[in-house]
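The values are calculated or read from the model by the stated rules, or taken from the named source; none is laboratory data. Computed from a predicted model, the values in this text were never measured in an experiment. For neighbour counting, all protein chains shown are included, and Cβ atoms are generated from backbone atoms with ideal geometry for every residue, glycine included. Accessible surface is based on the protein model in full, side chains and every heavy atom, while ligands, DNA and RNA are left aside. Shrake-Rupley method; radii C 1.70, N 1.55, O 1.52, S 1.80 Å.
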Amino acid sequence: MFEDRTAPGADVQSLWRSARSARCEAKACQTGKISTAEAAAQSHIAQDAAMQTEQSKDAVQDFRQEVQVDYTGLLSFLQRVEDAVIKELNKNWKSHAFDGFEVNWTDQDETVLCLHTLSYPEAQDQNLQVSSISWNATGSVIACSYGRLDDGDWSTAKSYVCTWNLDRRALNPQHPDLVLDVPSSVMCLAFHPSQPSLIAGGLFSGELVVWDTSRTEDPVVWRTGMTDDTHTDPVYQVKWLPDTKHRNHARLLSVATDGKILVWREEQDGRLALAEGFAIMAQQIPRSTRLKKVGWGEAAVGVTSLSFSHFDPGVFVVGVEGGYSLRCSAMAQAPALPRPGGSVPLRAPAELAFSPHAGPVYSVSCSPFHNLFLSCGTDGQVHLHSMLQTQPLFALQLSKRYLFCVCWSPVRPLVFAAASGEGVHLFDLARSMQKPAVSLKQSTSDCPVYCLEFNTKHTRLLAAGDAAGTVKVWQLSSDFTEQGPREMSHLEQLASEIMD
(Lines give C-alpha, C1' and ligand atoms only; values in the text may rest on other atoms or scores of the structure.)
Protein backbone atom coordinates (compact mmCIF):
# COMPACT_ATOMS: atom_id res chain seq x y z
CA MET A 1 0.00 0.00 0.00
CA PHE A 2 2.88 2.40 0.93
CA GLU A 3 6.16 2.66 -0.90
CA ASP A 4 9.14 5.05 -1.16
CA ARG A 5 8.99 7.49 -4.02
CA THR A 6 11.05 10.57 -4.96
CA ALA A 7 8.95 13.32 -6.49
CA PRO A 8 10.56 15.68 -9.03
CA GLY A 9 11.21 19.25 -7.78
CA ALA A 10 9.06 22.18 -8.90
CA ASP A 11 10.79 25.03 -10.79
CA VAL A 12 9.16 28.46 -11.07
CA GLN A 13 10.83 31.04 -13.30
CA SER A 14 11.17 34.63 -11.93
CA LEU A 15 9.50 37.20 -14.17
CA TRP A 16 10.62 40.14 -11.90
CA ARG A 17 14.36 39.40 -12.22
CA SER A 18 14.21 39.22 -16.06
CA ALA A 19 12.14 42.41 -16.29
CA ARG A 20 14.53 44.22 -13.87
CA SER A 21 17.65 43.20 -15.78
CA ALA A 22 16.17 44.46 -18.98
CA ARG A 23 15.89 47.99 -17.60
CA CYS A 24 19.41 48.10 -15.96
CA GLU A 25 22.55 49.44 -17.56
CA ALA A 26 26.14 48.41 -16.75
CA LYS A 27 27.97 51.16 -14.81
CA ALA A 28 31.43 51.38 -13.20
CA CYS A 29 30.06 52.97 -10.01
CA GLN A 30 26.73 53.80 -8.45
CA THR A 31 27.33 57.59 -8.27
CA GLY A 32 28.61 60.12 -10.65
CA LYS A 33 32.29 60.95 -10.93
CA ILE A 34 33.67 63.12 -8.08
CA SER A 35 35.99 65.89 -9.09
CA THR A 36 39.12 66.26 -6.91
CA ALA A 37 42.11 68.61 -6.80
CA GLU A 38 45.42 68.44 -4.84
CA ALA A 39 46.61 71.43 -2.78
CA ALA A 40 49.67 72.03 -0.56
CA ALA A 41 47.70 73.37 2.42
CA GLN A 42 44.13 73.66 3.65
CA SER A 43 44.33 77.45 3.96
CA HIS A 44 45.12 79.73 1.07
CA ILE A 45 47.89 81.50 3.07
CA ALA A 46 50.87 79.33 4.05
CA GLN A 47 53.77 80.42 6.24
CA ASP A 48 56.36 78.67 8.42
CA ALA A 49 55.62 79.46 12.06
CA ALA A 50 55.26 77.83 15.49
CA MET A 51 51.56 77.23 14.87
CA GLN A 52 49.60 75.34 12.24
CA THR A 53 47.76 78.36 10.87
CA GLU A 54 48.23 82.07 10.83
CA GLN A 55 45.37 84.00 12.34
CA SER A 56 44.83 87.65 11.76
CA LYS A 57 44.01 90.13 14.52
CA ASP A 58 40.60 90.73 12.97
CA ALA A 59 39.79 87.04 13.23
CA VAL A 60 40.80 86.98 16.91
CA GLN A 61 38.61 89.99 17.56
CA ASP A 62 35.71 88.37 15.77
CA PHE A 63 36.20 85.18 17.83
CA ARG A 64 36.13 87.12 21.09
CA GLN A 65 33.00 88.88 20.07
CA GLU A 66 31.35 85.58 19.26
CA VAL A 67 31.94 84.18 22.79
CA GLN A 68 28.92 85.59 24.49
CA VAL A 69 26.72 84.10 27.18
CA ASP A 70 23.06 83.74 26.38
CA TYR A 71 21.70 84.38 29.86
CA THR A 72 18.12 84.13 28.68
CA GLY A 73 18.71 80.69 27.22
CA LEU A 74 20.71 79.60 30.30
CA LEU A 75 17.86 80.63 32.58
CA SER A 76 15.40 78.79 30.40
CA PHE A 77 17.57 75.64 30.55
CA LEU A 78 17.91 75.77 34.35
CA GLN A 79 14.15 76.17 34.73
CA ARG A 80 13.54 73.16 32.50
CA VAL A 81 15.94 70.84 34.42
CA GLU A 82 15.17 72.13 37.93
CA ASP A 83 12.60 69.47 38.76
CA ALA A 84 14.80 66.64 37.47
CA VAL A 85 17.85 67.84 39.44
CA ILE A 86 15.86 68.19 42.67
CA LYS A 87 14.45 64.71 42.17
CA GLU A 88 17.95 63.21 41.82
CA LEU A 89 19.26 65.15 44.81
CA ASN A 90 16.42 63.85 46.97
CA LYS A 91 17.15 60.33 45.76
CA ASN A 92 20.85 60.68 46.70
CA TRP A 93 19.96 62.15 50.08
CA LYS A 94 17.90 59.08 50.96
CA SER A 95 20.52 56.67 49.62
CA HIS A 96 22.43 54.37 52.03
CA ALA A 97 25.33 53.78 49.65
CA PHE A 98 27.80 55.74 51.83
CA ASP A 99 26.64 54.63 55.27
CA GLY A 100 29.59 54.12 57.62
CA PHE A 101 31.76 56.78 55.96
CA GLU A 102 32.55 60.03 57.76
CA VAL A 103 32.77 63.31 55.91
CA ASN A 104 36.17 65.01 56.27
CA TRP A 105 35.99 68.60 55.14
CA THR A 106 39.73 69.20 55.59
CA ASP A 107 42.75 68.03 53.67
CA GLN A 108 43.88 64.63 54.91
CA ASP A 109 47.51 65.68 54.73
CA GLU A 110 46.91 68.59 57.08
CA THR A 111 45.22 66.70 59.92
CA VAL A 112 46.37 64.41 62.71
CA LEU A 113 44.39 61.16 62.59
CA CYS A 114 43.93 58.41 65.15
CA LEU A 115 44.82 55.17 63.33
CA HIS A 116 44.43 52.66 66.18
CA THR A 117 43.00 52.50 69.68
CA LEU A 118 44.65 49.52 71.40
CA SER A 119 43.65 48.01 74.74
CA TYR A 120 43.71 44.81 76.78
CA PRO A 121 40.24 44.31 78.34
CA GLU A 122 41.52 42.10 81.18
CA ALA A 123 43.91 44.83 82.33
CA GLN A 124 41.19 47.47 82.03
CA ASP A 125 38.84 45.33 84.14
CA GLN A 126 41.45 45.59 86.92
CA ASN A 127 41.63 49.39 86.46
CA LEU A 128 45.26 49.19 85.37
CA GLN A 129 46.85 52.10 83.55
CA VAL A 130 49.36 52.25 80.70
CA SER A 131 52.65 53.02 82.45
CA SER A 132 55.01 52.89 79.43
CA ILE A 133 55.13 52.27 75.68
CA SER A 134 57.92 51.43 73.21
CA TRP A 135 58.33 50.82 69.46
CA ASN A 136 60.53 47.94 68.33
CA ALA A 137 63.49 48.14 65.92
CA THR A 138 61.33 47.66 62.80
CA GLY A 139 58.82 50.31 63.81
CA SER A 140 55.94 47.86 63.22
CA VAL A 141 55.43 46.45 66.74
CA ILE A 142 54.36 48.50 69.74
CA ALA A 143 54.50 47.30 73.34
CA CYS A 144 52.84 48.71 76.43
CA SER A 145 53.07 47.90 80.12
CA TYR A 146 50.21 48.03 82.61
CA GLY A 147 50.28 49.18 86.22
CA ARG A 148 48.98 51.93 88.47
CA LEU A 149 50.72 55.27 88.86
CA ASP A 150 48.30 57.26 90.98
CA ASP A 151 47.55 55.57 94.27
CA GLY A 152 48.03 52.88 96.84
CA ASP A 153 50.43 50.08 97.62
CA TRP A 154 50.35 47.93 94.53
CA SER A 155 53.87 46.51 94.69
CA THR A 156 52.51 42.97 94.68
CA ALA A 157 49.83 43.57 92.07
CA LYS A 158 50.01 41.51 88.91
CA SER A 159 50.60 43.39 85.67
CA TYR A 160 50.97 42.76 81.94
CA VAL A 161 53.16 43.58 78.97
CA CYS A 162 51.24 43.51 75.66
CA THR A 163 52.45 43.81 72.07
CA TRP A 164 50.63 44.48 68.78
CA ASN A 165 52.02 44.17 65.25
CA LEU A 166 50.38 47.03 63.36
CA ASP A 167 51.32 45.50 59.99
CA ARG A 168 49.35 42.35 60.73
CA ARG A 169 46.39 42.04 58.38
CA ALA A 170 44.18 40.50 61.08
CA LEU A 171 45.02 43.13 63.72
CA ASN A 172 42.58 43.06 66.63
CA PRO A 173 42.88 46.25 68.72
CA GLN A 174 41.46 44.51 71.81
CA HIS A 175 43.42 41.28 71.42
CA PRO A 176 47.21 41.72 71.71
CA ASP A 177 49.48 39.46 69.68
CA LEU A 178 51.42 38.66 72.88
CA VAL A 179 50.56 39.02 76.57
CA LEU A 180 53.26 38.60 79.23
CA ASP A 181 52.12 38.09 82.82
CA VAL A 182 54.43 39.85 85.29
CA PRO A 183 54.16 39.30 89.06
CA SER A 184 55.19 42.91 89.86
CA SER A 185 53.99 46.09 88.20
CA VAL A 186 56.05 47.13 85.17
CA MET A 187 57.01 50.79 85.39
CA CYS A 188 58.92 51.22 82.11
CA LEU A 189 59.75 49.46 78.83
CA ALA A 190 62.41 49.70 76.13
CA PHE A 191 62.78 47.61 72.97
CA HIS A 192 66.30 46.66 71.92
CA PRO A 193 67.59 49.14 69.28
CA SER A 194 68.52 46.43 66.73
CA GLN A 195 66.96 43.11 67.83
CA PRO A 196 63.20 43.45 67.30
CA SER A 197 62.17 40.66 69.69
CA LEU A 198 64.07 41.81 72.81
CA ILE A 199 62.33 44.10 75.27
CA ALA A 200 63.51 45.25 78.69
CA GLY A 201 61.31 46.23 81.60
CA GLY A 202 61.84 47.90 84.96
CA LEU A 203 59.65 46.70 87.82
CA PHE A 204 58.16 48.31 90.90
CA SER A 205 60.23 45.90 92.97
CA GLY A 206 63.47 47.37 91.59
CA GLU A 207 64.24 44.40 89.34
CA LEU A 208 65.04 44.44 85.62
CA VAL A 209 63.76 41.77 83.23
CA VAL A 210 64.52 41.17 79.54
CA TRP A 211 61.98 39.21 77.50
CA ASP A 212 62.38 37.58 74.08
CA THR A 213 58.98 37.87 72.42
CA SER A 214 59.90 35.20 69.86
CA ARG A 215 60.05 32.57 72.61
CA THR A 216 56.61 31.25 73.56
CA GLU A 217 57.60 28.79 76.30
CA ASP A 218 59.78 30.93 78.57
CA PRO A 219 60.21 34.46 77.23
CA VAL A 220 62.43 35.65 80.13
CA VAL A 221 66.06 35.60 78.93
CA TRP A 222 67.78 37.81 81.54
CA ARG A 223 66.90 39.30 84.90
CA THR A 224 68.72 40.96 87.78
CA GLY A 225 67.05 39.11 90.62
CA MET A 226 67.01 40.53 94.13
CA THR A 227 70.64 41.14 95.11
CA ASP A 228 72.64 43.86 96.86
CA ASP A 229 73.10 45.52 93.46
CA THR A 230 69.40 45.66 92.63
CA HIS A 231 67.50 48.92 92.94
CA THR A 232 65.67 49.30 96.23
CA ASP A 233 63.01 51.62 94.74
CA PRO A 234 60.80 51.41 91.64
CA VAL A 235 62.65 51.62 88.30
CA TYR A 236 61.39 54.61 86.32
CA GLN A 237 63.37 54.26 83.09
CA VAL A 238 65.40 51.65 81.20
CA LYS A 239 67.57 52.33 78.17
CA TRP A 240 69.75 50.16 75.94
CA LEU A 241 73.35 51.33 75.47
CA PRO A 242 75.84 50.11 72.83
CA ASP A 243 78.63 48.00 74.28
CA THR A 244 81.92 49.41 72.99
CA LYS A 245 83.79 46.21 73.84
CA HIS A 246 81.33 43.75 72.32
CA ARG A 247 79.58 44.96 69.16
CA ASN A 248 77.01 42.15 69.19
CA HIS A 249 75.91 42.96 72.73
CA ALA A 250 74.23 45.90 74.35
CA ARG A 251 74.27 47.03 77.94
CA LEU A 252 71.16 48.02 79.84
CA LEU A 253 70.88 51.21 81.88
CA SER A 254 68.29 51.75 84.62
CA VAL A 255 67.35 54.67 86.87
CA ALA A 256 65.25 54.60 90.02
CA THR A 257 64.10 56.79 92.86
CA ASP A 258 66.77 55.28 95.13
CA GLY A 259 69.14 57.73 93.41
CA LYS A 260 71.13 55.08 91.51
CA ILE A 261 71.89 54.95 87.79
CA LEU A 262 73.08 51.42 87.03
CA VAL A 263 74.55 49.84 83.90
CA TRP A 264 74.06 46.08 83.47
CA ARG A 265 75.74 43.51 81.26
CA GLU A 266 74.39 40.17 80.05
CA GLU A 267 75.71 36.94 81.54
CA GLN A 268 75.43 33.49 79.98
CA ASP A 269 73.48 32.08 82.90
CA GLY A 270 70.54 34.39 82.20
CA ARG A 271 71.62 36.91 84.80
CA LEU A 272 72.13 40.66 84.45
CA ALA A 273 75.32 41.61 86.29
CA LEU A 274 76.21 45.13 87.37
CA ALA A 275 78.95 46.59 85.16
CA GLU A 276 79.16 50.14 86.54
CA GLY A 277 77.00 52.57 88.40
CA PHE A 278 76.39 56.14 89.50
CA ALA A 279 74.56 57.74 92.40
CA ILE A 280 72.98 61.18 92.59
CA MET A 281 73.78 62.32 96.11
CA ALA A 282 72.57 65.50 97.71
CA GLN A 283 76.04 66.64 98.70
CA GLN A 284 77.29 66.51 95.10
CA ILE A 285 74.65 69.01 94.03
CA PRO A 286 75.61 72.70 94.54
CA ARG A 287 74.20 74.07 97.77
CA SER A 288 72.86 77.10 95.92
CA THR A 289 70.15 74.91 94.43
CA ARG A 290 68.68 74.29 97.90
CA LEU A 291 66.98 71.01 97.26
CA LYS A 292 63.72 70.73 99.13
CA LYS A 293 62.70 67.73 101.21
CA VAL A 294 66.21 66.26 100.98
CA GLY A 295 68.61 66.46 103.88
CA TRP A 296 72.28 67.14 103.24
CA GLY A 297 74.73 64.35 103.86
CA GLU A 298 74.41 60.91 102.43
CA ALA A 299 70.79 61.26 101.33
CA ALA A 300 70.18 60.08 97.78
CA VAL A 301 68.17 62.16 95.34
CA GLY A 302 65.50 60.15 93.53
CA VAL A 303 66.01 59.95 89.75
CA THR A 304 62.87 59.85 87.61
CA SER A 305 64.15 60.22 84.02
CA LEU A 306 67.29 60.29 81.90
CA SER A 307 68.29 61.32 78.37
CA PHE A 308 71.66 61.09 76.60
CA SER A 309 73.10 63.91 74.51
CA HIS A 310 73.13 63.16 70.77
CA PHE A 311 76.37 65.09 70.34
CA ASP A 312 78.45 63.74 73.23
CA PRO A 313 77.64 60.14 74.23
CA GLY A 314 79.39 60.70 77.56
CA VAL A 315 76.94 63.45 78.61
CA PHE A 316 73.43 62.83 79.88
CA VAL A 317 70.70 64.78 81.67
CA VAL A 318 68.67 63.41 84.58
CA GLY A 319 65.47 64.68 86.16
CA VAL A 320 65.12 64.31 89.93
CA GLU A 321 62.32 64.40 92.45
CA GLY A 322 63.59 67.65 93.94
CA GLY A 323 62.51 69.48 90.76
CA TYR A 324 65.95 69.83 89.19
CA SER A 325 67.54 68.72 85.94
CA LEU A 326 71.19 67.78 86.25
CA ARG A 327 73.86 67.56 83.58
CA CYS A 328 75.98 64.49 84.24
CA SER A 329 79.12 62.91 82.80
CA ALA A 330 79.59 59.20 82.27
CA MET A 331 83.34 59.81 82.48
CA ALA A 332 83.15 61.11 86.06
CA GLN A 333 85.51 59.34 88.45
CA ALA A 334 84.66 61.03 91.74
CA PRO A 335 83.22 58.42 94.11
CA ALA A 336 79.82 58.84 95.65
CA LEU A 337 79.66 58.49 99.40
CA PRO A 338 80.25 54.91 100.56
CA ARG A 339 77.09 52.87 100.63
CA PRO A 340 76.57 49.51 102.29
CA GLY A 341 76.62 46.50 100.00
CA GLY A 342 77.04 46.45 96.23
CA SER A 343 79.68 44.76 94.10
CA VAL A 344 80.70 47.87 92.13
CA PRO A 345 81.65 51.26 93.64
CA LEU A 346 79.29 54.01 92.54
CA ARG A 347 80.48 57.32 91.10
CA ALA A 348 79.04 60.82 91.34
CA PRO A 349 78.26 62.08 87.80
CA ALA A 350 76.49 65.41 88.53
CA GLU A 351 78.25 68.44 87.02
CA LEU A 352 75.65 71.20 86.68
CA ALA A 353 72.24 71.84 88.21
CA PHE A 354 69.72 73.75 86.10
CA SER A 355 67.04 76.14 87.33
CA PRO A 356 64.33 74.03 88.99
CA HIS A 357 60.69 73.33 88.38
CA ALA A 358 58.19 73.97 91.16
CA GLY A 359 57.70 70.21 91.56
CA PRO A 360 59.33 66.88 90.70
CA VAL A 361 60.65 66.49 87.15
CA TYR A 362 58.96 63.59 85.38
CA SER A 363 60.66 63.65 81.98
CA VAL A 364 63.72 65.04 80.17
CA SER A 365 64.50 64.80 76.43
CA CYS A 366 67.70 65.84 74.61
CA SER A 367 67.31 67.32 71.13
CA PRO A 368 68.61 65.18 68.24
CA PHE A 369 69.55 68.37 66.35
CA HIS A 370 70.98 70.79 68.89
CA ASN A 371 72.70 71.05 72.28
CA LEU A 372 69.31 71.63 73.93
CA PHE A 373 67.00 69.61 76.13
CA LEU A 374 63.40 69.77 77.38
CA SER A 375 62.09 69.02 80.84
CA CYS A 376 58.61 68.85 82.34
CA GLY A 377 57.08 68.06 85.71
CA THR A 378 54.25 68.36 88.18
CA ASP A 379 54.12 72.16 87.89
CA GLY A 380 52.66 71.85 84.38
CA GLN A 381 55.60 73.68 82.79
CA VAL A 382 57.92 72.80 79.92
CA HIS A 383 61.44 74.21 80.19
CA LEU A 384 63.77 74.54 77.20
CA HIS A 385 67.41 74.50 78.35
CA SER A 386 70.78 74.86 76.79
CA MET A 387 73.40 72.46 78.12
CA LEU A 388 75.65 75.47 78.75
CA GLN A 389 73.61 77.66 81.12
CA THR A 390 71.53 77.10 84.21
CA GLN A 391 68.58 79.37 83.38
CA PRO A 392 65.99 78.05 80.90
CA LEU A 393 65.77 79.60 77.45
CA PHE A 394 62.04 79.73 78.01
CA ALA A 395 59.48 78.29 80.42
CA LEU A 396 56.01 77.55 79.10
CA GLN A 397 53.00 77.01 81.36
CA LEU A 398 51.33 74.33 79.29
CA SER A 399 48.84 72.83 81.72
CA LYS A 400 47.23 73.38 85.11
CA ARG A 401 47.71 69.66 85.70
CA TYR A 402 50.81 67.49 85.76
CA LEU A 403 52.99 66.97 82.71
CA PHE A 404 54.14 63.36 82.59
CA CYS A 405 56.27 63.13 79.45
CA VAL A 406 57.99 65.35 76.88
CA CYS A 407 59.72 64.16 73.72
CA TRP A 408 61.49 65.80 70.76
CA SER A 409 60.53 64.84 67.22
CA PRO A 410 63.16 62.63 65.54
CA VAL A 411 62.73 64.42 62.17
CA ARG A 412 61.62 68.02 62.88
CA PRO A 413 64.11 70.14 64.88
CA LEU A 414 61.40 72.57 66.03
CA VAL A 415 58.71 70.04 66.95
CA PHE A 416 58.12 68.28 70.26
CA ALA A 417 55.22 66.54 72.01
CA ALA A 418 54.08 66.67 75.63
CA ALA A 419 51.73 64.39 77.59
CA SER A 420 49.51 66.09 80.14
CA GLY A 421 46.45 65.54 82.30
CA GLU A 422 44.28 66.73 79.41
CA GLY A 423 45.81 64.90 76.44
CA VAL A 424 48.67 65.19 73.95
CA HIS A 425 50.06 68.55 72.85
CA LEU A 426 52.13 68.97 69.68
CA PHE A 427 54.36 72.04 69.51
CA ASP A 428 55.92 73.60 66.44
CA LEU A 429 58.27 76.40 67.53
CA ALA A 430 58.31 77.66 63.94
CA ARG A 431 54.66 78.65 64.39
CA SER A 432 54.46 79.67 68.04
CA MET A 433 56.43 79.47 71.26
CA GLN A 434 53.40 80.23 73.40
CA LYS A 435 50.77 77.66 72.49
CA PRO A 436 50.62 74.17 70.94
CA ALA A 437 50.03 73.77 67.23
CA VAL A 438 47.64 70.88 67.89
CA SER A 439 46.07 69.51 71.08
CA LEU A 440 44.82 65.93 70.78
CA LYS A 441 42.01 64.53 72.91
CA GLN A 442 43.18 61.11 74.01
CA SER A 443 39.72 60.25 75.37
CA THR A 444 36.36 61.86 76.05
CA SER A 445 36.87 61.66 79.83
CA ASP A 446 40.01 63.84 79.89
CA CYS A 447 42.06 61.11 81.54
CA PRO A 448 45.80 61.79 81.95
CA VAL A 449 48.27 60.68 79.31
CA TYR A 450 51.26 59.10 81.07
CA CYS A 451 53.61 58.22 78.21
CA LEU A 452 54.26 58.90 74.53
CA GLU A 453 56.88 57.97 71.96
CA PHE A 454 57.62 58.92 68.35
CA ASN A 455 58.26 56.12 65.85
CA THR A 456 61.76 56.61 64.44
CA LYS A 457 61.16 54.22 61.50
CA HIS A 458 57.66 55.29 60.47
CA THR A 459 58.10 58.93 61.37
CA ARG A 460 54.44 59.86 60.92
CA LEU A 461 53.38 57.69 63.87
CA LEU A 462 53.13 58.84 67.47
CA ALA A 463 51.87 56.54 70.25
CA ALA A 464 50.41 57.67 73.58
CA GLY A 465 49.22 55.65 76.59
CA ASP A 466 46.74 56.89 79.18
CA ALA A 467 45.18 56.24 82.58
CA ALA A 468 42.17 54.51 81.02
CA GLY A 469 44.39 51.64 79.84
CA THR A 470 44.33 52.50 76.13
CA VAL A 471 47.12 53.18 73.65
CA LYS A 472 46.33 55.47 70.74
CA VAL A 473 48.47 55.51 67.61
CA TRP A 474 48.28 58.92 65.92
CA GLN A 475 49.23 59.59 62.30
CA LEU A 476 50.88 62.98 62.09
CA SER A 477 50.39 65.34 59.18
CA SER A 478 53.22 66.35 56.87
CA ASP A 479 53.42 69.65 58.77
CA PHE A 480 54.98 67.77 61.70
CA THR A 481 57.18 65.38 59.71
CA GLU A 482 58.65 67.34 56.78
CA GLN A 483 61.56 69.58 57.69
CA GLY A 484 61.53 73.10 56.34
CA PRO A 485 64.37 74.38 54.10
CA ARG A 486 65.93 76.57 56.82
CA GLU A 487 64.67 74.87 59.95
CA MET A 488 68.09 74.15 61.42
CA SER A 489 69.19 77.76 60.99
CA HIS A 490 65.88 78.83 62.55
CA LEU A 491 66.62 76.66 65.59
CA GLU A 492 70.15 78.07 65.85
CA GLN A 493 68.81 81.61 65.60
CA LEU A 494 66.05 80.89 68.09
CA ALA A 495 68.50 79.55 70.68
CA SER A 496 71.04 82.36 70.19
CA GLU A 497 68.42 85.12 70.33
CA ILE A 498 66.97 83.86 73.57
CA MET A 499 70.42 83.35 75.08
CA ASP A 500 71.42 86.90 74.18
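Sort Cys376, Cys114 from largest to smallest accessible area, using a 1.4 Å probe on the heavy atoms of the protein chains.
Result, largest first: Cys114, Cys376.
With unit charges on the beta carbons (Lys and Arg positive, Asp and Glu negative) and the dipole taken about the Cα centre of segment 441-500, which residue among Gln483, Ser496, Ala463 sits farthest to the positive side?
Checked the options; the winner is Ala463.
So, with +1 on the Cβ of K and R and -1 on the Cβ of D and E, and no other charges, what is the size of the charge dipole of segment 312-431 about its Cα centre, to the nearest 20 debye?
60
So how do His116, His96, His192 rank on accessible area, 1.4 Å probe, biggest first, that is with the largest at the start?
Highest to lowest solvent-accessible surface, that is His96, His116, His192.
Per-residue accessible area for Trp164 at 1.4 Å probe radius, Å² rounded to 10?
0
Please work out how much accessible surface Tyr402 shows to a 1.4 Å probe, ignoring ligands, DNA and RNA, in Å² rounded to 10.
110
When only the heavy atoms of the protein chains count and the probe is 1.4 Å, how do Lys457, Lys260, Lys158, Lys400 rank by accessible area, highest first?
Of Lys457, Lys260, Lys158, Lys400, the descending order of accessible area is Lys400, Lys457, Lys158, Lys260.
In the structure displayed, which of Lys435/Lys472; Lys441/Lys472; Lys239/Lys260 lie more than 19 Å apart, Cα to Cα?
Lys435/Lys472
Could you please report the charge total around Gly225, scoring K, R as +1 and D, E as -1 over all other residues with beta-carbon less than 12 angstrom from its beta-carbon?
In short, -3.
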